[in-house]
1. Given bins 10 angstrom wide, list per bin the percent of all Cα-Cα distances in the range 189-340, short to long.
2. Cut-off is 10 Å between beta-carbons; in what order do LEU213, LEU284 appear when sorted fewest neighbours first?
3. Counting only the backbone N, which residues of the range 296-331 are under 20 Å from the spot 7 Å out from the Cα of PHE164 toward its beta-carbon?
4. Students often get this wrong: which residues of the range 221-250 have the backbone nitrogen under 12 Å from the point 7 angstrom along Cα-to-C-beta of ASP205?
5. Based only on the alpha carbon positions, what is the Kirkwood hydrodynamic radius of the range 127-191, in angstrom?
6. For the range 252-321, compute the orientation-averaged projected area of the C-alpha convex hull (one quarter of its surface), in nm².
7. So how much slack lies between GLU216 and LYS315, counting 0.36 nm per residue of separation and subtracting their Cα-Cα distance, in nm?
8. What is the fewest-to-most order of LEU136, LEU93, LEU191 by other Cβ atoms lying within 10 Å of their Cβ?
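Laboratory data are not the source of any read-out in this text; all were calculated from the coordinates shown. A quick note: this is a predicted structure, and the numbers were derived from the prediction, not measured. Ideal geometry is used to build each Cβ from the backbone, glycine not excepted, and the neighbour counts take in all protein chains shown.
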Amino acid sequence: MTIQKQKLISILFTAAVILLVLNVAVDRINKPKKVNPVSELTSSKIEIDFFTILEEYGIEPKWVKRKKSKSDLYDSVKIEYEVKVPFDVPVPLIIKEINSKFEKDITGFVANEKKFFGKTEMRIYTNEVLKLKATLIPDKSIVQRKNNLSFIINDAFNLGDKDFSDFLKIPYPLSCIVIPGKEVIFKADSLKDYSKEYVIMLNDDIQESKMKLKPEFTQEILNQAAGNISSAFKDAKAYIVDENSVIYKSKIFNYVKNKFKDLQINLYPKSKFLQIAGKDSTELHRNFEKLSGDTNTTSNKIFFITFDDFNRIEKKIADLRKRGNKIISVSKQIKFVSFR
């Protein structure tokens with residue numbers, strides 16, 4: 001074999017190898033990716049999730065009626081549900097949560113309101129096959145009687161700028177503690193622009209000389225101090241006194257209390273409010289659940305809590321609201337709270 005033939009054979013062999021490699025590479029590029037099959041939700045799984053959400057909203061089993069499906073259009077379901085919903089629980093919120101529960105699956109969701117504030121029929125499909133049909137009916141006769149809850153953030157005015165801004169953005173009518181002083185008057189007045197309120201705390205931390213309450217002061221000075229506080233903080237929704245303060249423990253306190261009463265201001269003892277705290281999240285949640293527990297009749301509860309702890313229980317608060325509990329401002333309920 002000549003040298004030229006050997007070179008030609010070598011070139012052809014190399015070209016064949018290159019073509020083979022290119023062919024394999026093209027096949028790998030064009031090979032369809034393996035698609036993991038999406039499992040279809042079963043009717044039983046959909047029903048479990050559906051009834052779990054109803055339970056979260058405090059809807060009792062006795063309010064759910066099972067009946068045979070009468071429609072020939074939906075022969076894939078034999079049973080449909082009629083659910084009575086407490087009138088103070090918004091049906092659109094339930095519908096929204098049910099929809100969000102299934103929207104990531106291969107599920108179709110239909111909800112039609114029959115009339116304004118009337119029945120809402122909902123249907124859940126998978127692969128265009130009906131798996132659950134239910135009608136939600138607001139019922140005035142089963143309005144839930146739960147708790148009215150108010151929260152006082154006791155360290156809001158000590159927060160940094162970012163945290164204080166986050167406090168203002170919380171979508172609840174929260175209140176916060178204000179220690180009397182000239183430097184906080186403007187800040188306290190600005191709270192109403194964010195649907196927030198404040199309450200005055202009378203304790204030993206008052207630094208403003210014209211607002212201090214000391215047992216050794218004359219009645220005239222105490223009168224002036226009470227008047228200065230009330231005129232500077234006209235939007236205060238409540239006045240709370242710390243029982244550990246010097247003025248509270250003094251013989252002159254009754255005089256101070258009566259002076260504020262003359263100004264149409266009641267002084268509430270701090271210890272009579274519900275204090276929520278815990279050494280860790282587990283203890284905090286346990287304490288909050290105990291203090292905010294559901295009752296057979298409506299009760300009014302006002303809590304003291306730090307901003308950080310409030311953030312840690314916010315999910316619990318949202319769960320309570322689902323069950324008919326309401327978050328309201330201190331000003332709307334403090335007169336109904338028993339401080340005995």
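1. 9, 34, 32, 19, 6, 0
2. Listing LEU213, LEU284 from fewest to most nearby Cβ atoms yields LEU284, LEU213.
3. Under cut-off, by backbone N: 305-311.
4. Inside the label zone: 242.
5. Working: mean 1/r = 0.0614 Å⁻¹.
The Cα-based Kirkwood calculation yields 16.3 Å.
6. Numbers: hull surface 27.8 nm².
Answer in nm², one decimal: 7.0.
7. So the extension gain works out to 30.9 nm.
8. Lowest to highest Cβ neighbour count: LEU93, LEU191, LEU136.
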